[in-house]
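The values are calculated or read from the model by the stated rules, or taken from the named source; none is laboratory data. Keep in mind that this is a model prediction, so the values were computed, not measured. Positions of Cβ are backbone-derived with ideal geometry, glycine not excepted, and every protein chain shown enters the neighbour counts. For accessibility, only protein heavy atoms count, side chains too; no ligands or nucleic acids. Shrake-Rupley method; radii C 1.70, N 1.55, O 1.52, S 1.80 Å.
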Amino acid sequence: MFVPRVHLPEHMPRAQGRWIVLDQRQQVLVVDGEFPAADESPVAGEAQHLLGLDDGTPFWAVSVLDEAGLLEVPEGGEWVGLRDLFGQVSETDWVLAGRASQVLVWERDHQFCGRCATKTIHHPTDRARQCPNCKLMAFPRISPAVIMLVEREGPDGPEVLLAWGRQFRGRFYSALAGFVEPGESLEECVAREVMEETGIVVEDVRYFSSQPWPFPHSMMIGFNASYVSGEIVIQEEEIVEADWYGPENLPPIPRGGMSIAGWLIQDWLQRVQKSGG
Ligand SMILES: [Zn+2]
């Protein structure tokens, strides 16, 4: 079981464990044992963090400026993009690589105080950077976003609202999603985003599940919602195409279980197939 920690227990030797090394383009290299030797120090500045202990093994996050030439890749190891890591490594490594990336991106982006521009330093006990001048604390940034599958009973049976987003890598259709605004509840955000992106009114917003999404620091919070009224009018800056789809005429959708979007669609499919006999 993984237990997050900022510092090692006192009796544990440093420089042992599992090292999740990230370069500046979110390429990942996982190294076991001692941190591998290099001609020059591979560690960029202070960017070395204990993430925690997994069944007693320390997991570290380390950033390097550039993978080329700075770090000896151990035998059997290779640099893999964070997105491509899913399915290639254990669930633990995948989740902790995402955690490592989020911690390192936060560290890189909070080197100076946002209020008075003084160089920040590590807080002695918390995962935080602090301004020595005005004492402002900067914690790892997490940006909540909602993702929701809107369902309705169509003329020919159950349907879901899926959209091809402009930012998708390739043509596929998925649940709608959007970032939470200050002062907004998650349920309000679901209703607002569905209305903005497709012109559809929803109700009965129900929590589904959540997933840290380290690209670069989102927290995806998944919901089911029910259609009330409206015809689809897409927000063209965000959406290429959106429509209602039944289980028999699905467009290309996320597969493989990496993202909560895929889990939402899979869950719906199982429910409608069960109820349809
Ligand atoms: Zn300051």
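Only helical runs count toward this figure. For the chain, summing -39,500 (n - 2.57) over DSSP H runs of n ≥ 4 and dividing by all residues gives -5500 deg cm²/dmol at 222 nm. Per-residue Karplus couplings for the range 205-219, computed as 6.51 cos²θ - 1.76 cosθ + 1.60 with θ equal to phi - 60°, are listed in order as 7, 10, 4, 10, 5, 9, 7, x, 10, x, 10, x, 7, 8, 10 Hz, Gly and Pro entered as x. Multiplying the sequence separation of I232 and R152 by 0.36 nm and subtracting their Cα-Cα distance, what value in nm do you get? Taking 0.36 nm per residue and subtracting the Cα distance, the gain is 27.5 nm.
The simple Förster model, with R0 at 30 Å and r as the Cβ-Cβ distance, assigns E78 and C134 a FRET efficiency of 0.10. Using a ≥ b ≥ c from the Cα gyration tensor of the range 143-275 (square roots of the eigenvalues), is it rounded, prolate or oblate, where a/c under 1.5 gives rounded and otherwise the larger of a/b and b/c decides, a/b for prolate? Cα axes put the range 143-275 in the rounded bin. Protection proxy ranking for 18-24, 231-237, using the average of other Cβ atoms within 10 Å per residue and placing the highest first: 18-24, 231-237. In the elastic network of the chain, a GNM with C-alpha springs shorter than 10 Å, the most mobile of E238, E187, E75 is E75. The 1.4 Å probe gives accessible areas that order Y227, Y173, Y245, Y207, largest first, as Y207, Y227, Y245, Y173. The angle separating the long axis of helix 260-275 from the principal Cα axis of greatest extent in the chain is about 40 degrees. Positive-end ranking of N133, G165, S90 along the dipole of the chain, with charges on Cβ about the Cα centre, is headed by N133. For D93, neighbours were defined as the other residues whose beta-carbon sits under 15 Å from its Cβ, and their charges (Lys and Arg +1, Asp and Glu -1) total -3. For the range 131-199, what is the charge dipole size about the Cα centre, in debye to the nearest 20, if Lys and Arg each add +1 at the Cβ and Asp and Glu each add -1 at the Cβ? With Lys and Arg at +1 and Asp and Glu at -1, about 620 debye. Each of E241 and H11 was given a label point 7 Å from its Cα along the Cα-to-Cβ line. The distance between the two points is 6.3 nm. Once you sort the root eigenvalues of the Cα gyration tensor of the chain as a ≥ b ≥ c, which label holds: rounded (a/c under 1.5), prolate (a/b larger than b/c) or oblate (the other case)? Because a/c hits 1.5 or more and a/b exceeds b/c, the chain counts as prolate.
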